[in-house]
1. Just the number: Rg to Rh for the chain, Cα atoms, Kirkwood Rh, two decimals.
2. For the chain, which whole percent of the accessible surface, found with a 1.4 angstrom probe, sits on carbon and sulfur atoms?
3. Hey, what's the chain come to in accessible area per residue, 1.4 Å probe, Å²?
Amino acid sequence: MSRDDEFRDLLNATATEIARLEDNPRTWLSWMVYLLARLEEQATDQNSMNKDSYVAMLAALEDEIRNRLRTGGWH
């Protein structure tokens, strides 16, 4: 199994568990924000230069969300 496959499996299991524990998608926002905050900590704890890269990732995420809202699907 590749690293990408392992990562996908981990994320799929996490998404399933979140949905099992909280069935109202509206409440998932706080958990998404929590996850993004923890990822930011991880990025900047390892290298303070990663802050700019993290902010660029957030901008790309914003674009992906905007596209999802406009087209109705994820790429």
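The values are calculated or read from the model by the stated rules, or taken from the named source; none is laboratory data. Just so it is clear, the structure is predicted and the values come from calculations on it, not from any experiment. Surface areas here come from the heavy atoms of the whole protein model, side chains and all, with no ligands, DNA or RNA. Shrake-Rupley method; radii C 1.70, N 1.55, O 1.52, S 1.80 Å.
1. Details: Rg = 14.4 Å, Rh = 14.4 Å.
Dividing the radius of gyration by the Kirkwood radius yields 1.00.
2. Values: 3830 of 6620 Å².
Of all accessible area on the chain, carbon and sulfur atoms account for 58 percent.
3. Details: 6620 Å² over 75 residues.
About 88 Å² of surface per residue is accessible.
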